[in-house]
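Asks: The structure follows.
The values are calculated or read from the model by the stated rules, or taken from the named source; none is laboratory data. This one's a predicted model, so the numbers in the text were calculated from it and none came from an experiment. Cβ placement follows ideal geometry from the backbone for every residue including glycine, while neighbour counts extend to all protein chains displayed.
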Amino acid sequence: MNRRLTASCIDINTPYCPCLLAETNHCVFCSHLRGQPVCDCNWGGVCILYEKQWQPKNVMAKNGGGPSRTDELGRIVRREPLGKDTYLLEVAVTEELARGLEKTGAFVFLRRPEDPQFFHFPVGVMKVEGRNLQMVVEAVGPKSNRVLEDQAAELLVRGPYYNGVLGQPWIDNITCGKILLISGGMGQAPALPIAAKLAANRNEVTAILAPGHVGSVFIEAELVGLGVKTHVVDSLRRTGFALVTGRLGDGAEKPDLIVSAGPDEQHYGVINAMQAAGLNLPMAATNNSTMCCGEGICGSCTRETQDNRIIRTCKVQTDFTQLL
Ligand SMILES: Cc1cc2nc3c(=O)[nH]c(=O)nc-3n(C[C@H](O)[C@H](O)[C@H](O)COP(=O)(O)OP(=O)(O)OC[C@H]3O[C@@H](n4cnc5c(N)ncnc54)[C@H](O)[C@@H]3O)c2cc1C
Ligand code: FES
């Protein structure tokens with residue numbers, strides 16, 4: 001598999017392109033739509049300049065100035081405790097939104113209908129069943145507490161957004177490969193749809209799972225049902241990373257792809273294990289940036305790359321190891 005991942009925009013080839021960035025001449029992909037005289041794009045199967053000029057199918061054109069993703073009211077149909085301050089929420093949404101979220105790295109913004117817009121926060125979609133979205137929410141602060149308190153019956157759900165996993169093309173394109181999936185705590189929620197996608201493409205997936213501060217491993221049964229080989233450890237730091245190192249060391253059959261679903265510290269632990277084994281394998285990783293608008297506008301998710309670019313990680317697909 002190609003180790004090099006070309007940076008691109010997650011919204012290309014979706015109904016959400018051209019987006020507000022193209023409208024304001026800040027497209028992350030098309031140099032013409034950044035005011036430059038020449039085209040230097042890595043052809044992604046679509047010309048955004050052409051789409052903007054001749055196919056004004058969305059954004060300003062369709063909605064008279066607003067972004068094309070809108071809040072919709074979803075009914076909470078299930079609320080189940082999974083661990084410390086952590087709940088599985090199942091929310092019924094429209095058919096259109098549910099279908100739009102059946103994609104690797106898909107997430108939504110949630111808030112209470114009575115709360116102002118700045119209460120909304122990103123939450124990954126763990127599973128889509130019919131029109132129901134299964135999500136896992138951990139109450140860690142003001143925004144996440146609000147959606148879990150008072151037995152709320154409805155939530156505003158805004159989406160679909162797609163850049164919840166960096167290195168997503170590796171996950172989508174690999175077939176019949178060997179994958180090592182490492183997932184701890186809240187990282188289990190995004191790990192499940194990633195494993196489902198990999199298993200559907202006939203990959204052999206081995207998962208190392210740890211309860212983290214959630215205190216429970218809640219996806220093991222589903223992973224086993226998908227044919228994933230699971231190893232549950234009490235802690236990634238204490239025993240999990242040693243297991244990862246062992247699987248990458250001399251004599252072991254090396255994976256084609258590593259996936260780290262968890263906090264950034266976990267991603268760095270996996271990178272350290274790879275470096276200790278003298279390997280530089282492709283690694284997909286959950287995107288843990290702070291996101292406020294999800295549309296490439298507010299700037300809260302910007303990260304610097306090793307080649308001195310500032311990227312908006314709600315939009316730009318890149319290799320996690322290239323972030324500073
Ligand atoms: C793509 C993506 C998917 C996510 N999926 C889930 C999920 O499935 N379940 C879940 O419980 N949480 C998820 N999160 C994290 C969740 O958005 C934060 O826990 C939440 O925003 C915290 O807000 P707060 O007001 O409750 O806590 P705060 O006290 O404001 O913050 C607590 C922690 O959350 C981080 N945080 C705060 N605001 C944001 C924000 N706008 N975006 C991202 N991180 C923030 C802070 O850096 C801090 O580490 C996801 C984040 C991203 C970017
Ligand atoms: S979340 Fe606003 S620019 Fe990325």
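Asks: Test V147 against the stated conditions and say whether it is within 29 Å of I12 (Cβ to Cβ), crowded, with 24+ Cβ neighbours inside 10 Å, in contact with a strand residue (DSSP E or B) (Cβ under 6 Å, 6 or more places away or on another chain) and modelled with pLDDT of 95 or more. Break it down stepwise before answering.
Replies: Working: within 29 Å of I12 (Cβ to Cβ): no; crowded, with 24+ Cβ neighbours inside 10 Å: yes; in contact with a strand residue (DSSP E or B) (Cβ under 6 Å, 6 or more places away or on another chain): yes; modelled with pLDDT of 95 or more: yes.
No; evaluated as a whole, the condition is false for this residue.
Asks: Given the conditions (1) over 17 Å from the mean Cα position of the chain (by Cα); (2) outside any strand (DSSP E or B); (3) among the charged types (D, E, K, R), which single one is not true for K197?
Replies: Just one mismatch for K197, condition (1).
Asks: Another one. Does the range 116-129 hold any residues that are more than 10 Å from ligand 1 (Cβ to nearest atom) and either crowded, with 17+ Cβ neighbours inside 10 Å or hydroxyl-bearing (S, T, Y) (or both), and which are they?
Replies: Within the range 116-129, the first condition is being more than 10 Å from ligand 1 (Cβ to nearest atom), and the residues that meet it are 116-117, 127-129.
Matches in the range 116-129: K127, V128.
Asks: While we're looking at this one, here's another question. Those residues that are assigned to a helix (DSSP H, G or I) and within 16 Å of ligand 2 (Cβ to nearest atom), I need them from the range 132-167; list them, please.
Replies: To start, the set of residues in the range 132-167 that are assigned to a helix (DSSP H, G or I) comprises 142-151.
Correct list: K143 only.
Asks: Could you check the range 264-308 and list, in sequence order, the residues that are surrounded by fewer than 17 Cβ atoms within 10 Å (Cβ to Cβ) and within 13 Å of G187 (Cα to Cα)?
Replies: Of everything in the range 264-308, those that are surrounded by fewer than 17 Cβ atoms within 10 Å (Cβ to Cβ) and within 13 Å of G187 (Cα to Cα) turn out to be D264, E265.
Asks: Report, by residue number, each residue of the range 240-265 that is of a type in the set (A, V, I, L, M) and either closer than 14 Å to T206 by Cα or in contact (Cβ under 8 Å) with a residue 12 or more places away in the chain (or both).
Replies: Taking the range 240-265 as the starting set, the residues that turn out to be of a type in the set (A, V, I, L, M) are 242-244, 248, 252, 257-259, 261.
The answer is L243, V244, L248, A252, L257, I258, V259, A261.
Asks: Let me ask something else about it. Within the range 96-111, is there a residue that is in contact (Cβ under 8 Å) with a residue 24 or more places away in the chain and more than 18 Å from the chain's Cα centre (by Cα)?
Replies: So far as the range 96-111 goes, yes, one or more of its residues are in contact (Cβ under 8 Å) with a residue 24 or more places away in the chain and more than 18 Å from the chain's Cα centre (by Cα).
Asks: If you don't mind, another one. Could you please let me know if P113 is of a type outside the set (V, I, T), closer than 25 Å to D11 by Cβ and modelled with pLDDT of 95 or more?
Replies: Numbers: of a type outside the set (V, I, T): yes; closer than 25 Å to D11 by Cβ: no; modelled with pLDDT of 95 or more: yes.
Here the answer is no, as P113 does not meet what is asked.
Asks: Right, another one. Check R303 against each of (1) within 14 Å of ligand 1 (Cβ to nearest atom); (2) under 15 Å from the mean Cα position of the chain (by Cα) and name the one condition it does not meet.
Replies: (2)
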